[in-house]
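The values are calculated or read from the model by the stated rules, or taken from the named source; none is laboratory data. For clarity, every value in this text was computed on a predicted model and none was experimentally measured. Glycine gets a Cβ as well: all are built from the backbone with ideal geometry, and neighbour counts include every protein chain shown. Please note that ligands, DNA and RNA were not included when accessible areas were found on the heavy atoms of the full protein model with its side chains. Shrake-Rupley method; radii C 1.70, N 1.55, O 1.52, S 1.80 Å.
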Amino acid sequence: MRGCCSVCESLKQRCPRPRGLLNLVVTKACLLALLFGLVWSVTGSECLPGGNLFGLVVLFICSVLGGKLMGLVQFPTLPPFPPLLGMLLAGLLLRNVPYVTDAVYIDPHWSSALRNIALAIILTRAGLGLNPQALVRLKAVCVRLAVGPCLVEASLVALVSHFLLKLPWVWGFILGFVLAAVSPAVVVPSMLLLQREGYGVEKGIPTLLMAAGSFDDILAITGFSTCLGIAFSTGSTWMNVLKGLLEVVGGVVAGLVVGLFLCLFPSDDQEELTETRSLLLLGLSVFSVFLSHVVGFAGAGGLCVLVLSFCAALGWTRRKAPVAAVVGRAWDVFQPLLFGLIGAEITISALNPSTVGLGVACLSIGLVVRVLVTFVLVHYGGFNLKEKLFIAVAWLPKATVQAAIGSKALDMAREAGDQVLEKYGLDVLTLAVLAILITAPIGALGIGLSGPRLLHLQSPDAERGPAPPDGPAPPDSPPGEKDRVTLESKL
């Protein structure tokens, strides 16, 4: 034994152990190889090139890198481009690069499920970020802003696409509601940053846009689901319209019930309160979206998520900040998947140049009318000219809802095996991607540039109000708030 110890000591002196960067690289490589070996031993060919797990991992890594690279593209006096644009382009490249396309395969069912999870998470973030006091004060203009531009743009796009793209009326409205939704992925982080810096806080403009944007999305999703049911249904049209109204009522009622449950359980005296609340909130939000599809009321899921997260935030008061930080970290994971997956649905070689050109014309006409209608509808909301201009500009970006529902019509057409409907579905998906590529960077840059110039600056402390009567926030609240601000700055 002593001889062995002496030999080991001699080897240590003659062969020093690697340290620093070399040691780190070898360690990480071994961990990755071990992880791959474990997954391969369980799933087999699924984690090899051409398998579903391999495709998801490659797509996620490329989307994250694309988002990072897009964030590095900066011009003097201009804010950076939104990372979601780089994520979308990464998926688009993976789908259209020869040989890579064959290796990166993603099961359509997995793709649809991941997009629904991402939609639930971003709507949860929007519900947690609403300010109830400002929402009550601005309820009239909020309703006008949520309903008016969405319905006008959807109807106009349906009219124009019917004559330019030769889409049937019901498919024109499907396209219209897909394009009419504003993007929470662009608007919500931008409004939270402006709210933190104090721009427009006095009149509640950030809260107005987050609240109206969320309801705008719900209206668009509900209209889309109703028209989709009409397009693929053989039943009565009036019954399908009634079903859409029932989805709205059912989503609100279910959200109120679940939100009340989250206010009561878990109680404030339990350990690991933030972790438990975060798991319950995210789990119930995702479950609501999937359950709505199972029971045949797809439009109710998103509205339920928004209402339950808003009600939960009311019950948690200022203690919602750590939960919002956890939800933000979940969005950091699913955002690259969402936009990478929607980009991977487009095959450039299969696109019709005429469809692209006429589609851009439809989109442009809808955007111009949307800006004008938005400016008119907030005319009697107590805002000055600069604030009305900012609200109109902030109502431009489209991304999240287009990515989440843009391919659903195509998926249903493929399941039905109808080539004519499949062509219509491909047109809808193509214009959804074009809307993201065109409006997301324009809207993000417009908000970043016009916000500090058009909105009044005020400290956000006045909007937060006094501490709740049951005492100050727990010790973990400030770190949670710090994490939330950090995540918002990354977005």
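Quick notes on this structure:
- Surface calculation, 1.4 Å probe, protein heavy atoms: Ser190 sits at approximately 30 Å² accessible.
- Label-point gap, in nm, between Leu256 and His379 - each point 7 angstrom along Cα→Cβ: 3.5 nm
- Ligands, DNA and RNA left out, the accessible area of the stretch 98-220 computed with a 1.4 Å probe is 70% carbon and sulfur.
- Shape class for the stretch 143-276, computed from the alpha carbon gyration tensor (a ≥ b ≥ c): oblate, with a/c not under 1.5 and a/b at or below b/c.
- Accessible area per residue, Å², the chain with all protein chains present, probe 1.4 Å: 47 Å²
- Shown are Asp217, Asp269, whose ranking by accessible area with a 1.4 Å probe and every protein chain present, most to least, is Asp269, Asp217.
- Above-threshold pairs, the threshold being 28 Å between Cα atoms, out of Lys139/Lys386; Lys28/Lys320; Lys243/Lys388; Lys386/Lys408: Lys28/Lys320; Lys243/Lys388; Lys386/Lys408
- Residue-wise HN-Hα coupling along the stretch 183-196, computed from phi with Karplus coefficients 6.51, -1.76, 1.60 (Hz; x: Gly, Pro): 9, x, 5, 9, 6, 4, x, 5, 5, 5, 5, 5, 5, 5
- Area accessible to solvent at Trp169, 1.4 Å probe radius, in Å²: 120 Å²
- Using R0 = 22 Å, the C-beta based FRET efficiency linking His456 and Arg196 works out to 0.90.
- Helix-derived mean residue ellipticity, 222 nm - over the chain, DSSP H n ≥ 4, -39500 (n - 2.57), to 500: -26000 deg cm²/dmol
- Residues in the stretch 257-269 carry Karplus couplings, in order, of 5, 5, x, 5, 4, 5, 5, 9, 10, x, 7, 5, 8 Hz; the curve used is 6.51 cos²θ - 1.76 cosθ + 1.60 with θ = phi - 60°, and Gly or Pro positions show x.
- Longest segment of the chain lacking GluC sites (Glu not before Pro) that sit in a DSSP loop with at most 12 other Cβ atoms within 10 Å: 1-270
- Area accessible to solvent at His293, 1.4 Å probe radius, in Å²: 70 Å²
- Fully extended contour minus Cα-Cα distance, from Val143 to Lys166, at 0.36 nm per residue: 5.0 nm
- Taking Rg/Rh (Cα atoms, Kirkwood Rh) as calculated from this structure, the corresponding entry among (i) 0.97; (ii) 1.02; (iii) 1.12 is (ii).
- Rough spin-label spacing in nm, given labels placed 7 Å along Cα→Cβ, for Val100 and Leu246: 4.7 nm
- Stretch gain in nm, segment Ala350-Asp418, where the contour uses 0.36 nm per residue and the Cα spacing is subtracted: 22.7 nm
- Mean Cα-pair separation over length for the stretch 382-437, i.e. relative contact order, pairs under 8 Å, 6 or more apart, %: 39 percent
- Separation of the Lys68 and Ser112 label points, Cα + 7 Å toward Cβ, nm: 3.4 nm
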